[in-house]
Amino acid sequence: MKINGAKIIDLPKNLDRRGNLSVIEEIKNIPFKIKRTYWIYDVPGGEVRGGHAYKRNQEFIVALSGSFDVILDNGKERKSFSLNRSYYGLYVPKGVWRQMENFSTNSLALIVASIKFDPADYIYDYCLYKELTK
Ligand code: TYD
């Protein structure tokens, strides 16, 4: 089942006796240019983040620490992705409804985004989203 081109992308892994290092380079590792980076942390147990779609913004989400689920929905189908390693992430194209849940204790979600923060880019109403995707 495909959700509008959403996919797990493996990141380069530099294994070393001193520890591991992974990297995200725009265009090379992810299919967009990075305009913004934010992270989500200290999420209380049972809390849900997201619950919206973006009109233009694309994202790449990595579980730098701990684990959580990202639920994607294109108005017709819904799919859950479990993120729990820092050497891969989930590419979320524009126009996909997304929710993040099931955060483990001390989880840290890194999100790189293709546009600057723009409240007008958000669709918060799922009924409206369903209408727009018809
Ligand atoms: P929000 O997008 O609602 O978080 P989530 O999608 O994870 O539920 O953002 C929470 C708050 O942070 C909201 O007041 C907007 C602000 N915010 C910024 O100022 N800049 C940003 O880049 C983001 C993503 C959010």
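The values are calculated or read from the model by the stated rules, or taken from the named source; none is laboratory data. Keep in mind it's a predicted model, so treat the numbers as computed, not measured. Cβ atoms come from the backbone with ideal geometry, glycine included; neighbour counts cover every protein chain shown. Calculation scope for accessible area: heavy atoms of the full protein, side chains included, ligands and nucleic acids excluded. Shrake-Rupley method; radii C 1.70, N 1.55, O 1.52, S 1.80 Å.
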message: Let me spell out the model: positive unit charges on the Cβ of Lys and Arg, negative unit charges on the Cβ of Asp and Glu, origin at the Cα centre of the range 58-129. What dipole size does that give, in debye rounded to 20?
response: 200
query: Of R17, R56, R85, which has the largest mean-square fluctuation in a 10 Å C-alpha GNM of the chain?
result: R17
- prompt: If Lys and Arg each add +1 and Asp and Glu each add -1, what is the summed charge of the other residues whose beta carbon sits under 12 Å from the beta carbon of K76?
  reply: +3
- prompt: Size of the dipole of the chain about the Cα centre, Lys and Arg at +1 and Asp and Glu at -1 on the beta carbon, nothing else charged, in debye to 20?
  reply: 440
- prompt: In Å, the Kirkwood hydrodynamic radius of the chain over pairs of distinct alpha carbons?
  reply: 15.3
- request: Rounded to whole Hz and in sequence order, give me ³J(HN,Hα) for the range 16-30 from the Karplus expression 6.51 cos²θ - 1.76 cosθ + 1.60, θ = phi - 60°, writing x for Gly and Pro.
  value: 8, 5, 7, x, 9, 9, 10, 8, 10, 10, 4, 6, 5, 9, 10
task: Go ahead and collect, in residue order, the members of the range 66-97 whose backbone nitrogen is under 19 Å from a label point 7 Å along the Cα-Cβ direction of N14.
output: 86-89
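Can you send over the carbon and sulfur percentage of the accessible area for the chain, probe radius 1.4 Å, protein chains only?
49
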task: Calculate the spin-label point distance for L21 paired with E101, positioning each point 7 Å from the Cα along the beta-carbon direction, and give it in nanometres.
output: 3.9
Per residue value of the accessible surface for the range 80-134 (all protein chains in place, 1.4 Å probe), Å²: 53
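Compute the length gained on full extension between H52 and I34: take 0.36 nm times their separation in residues and subtract their Cα-Cα distance, giving the result in nm to one decimal.
Full-extension gain reported as 4.4 nm.
Which is the longest run of the chain containing none of the GluC sites (Glu not before Pro) found in DSSP loop states (not H, G, I, E, B) with at most 16 other C-beta atoms within 10 Å?
It works out to 78-134.
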Gaussian network model of the chain, Cα within-10 Å springs - most flexible of D69, D42, D16: D16
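May I ask for the net charge around I115, where only other residues with Cβ less than 14 Å from the Cβ of I115 are counted and Lys, Arg are +1 while Asp, Glu are -1?
Details: positive: K33, K35, R36, K55, R56, K94, K116; negative: E26, E59, D118, D121.
Summing Lys/Arg as +1 and Asp/Glu as -1 gives +3.
Given a 1.4 angstrom probe, what's the average accessible area per residue across the range 7-58, in square angstrom?
Here the per-residue accessible area is 74 Å².
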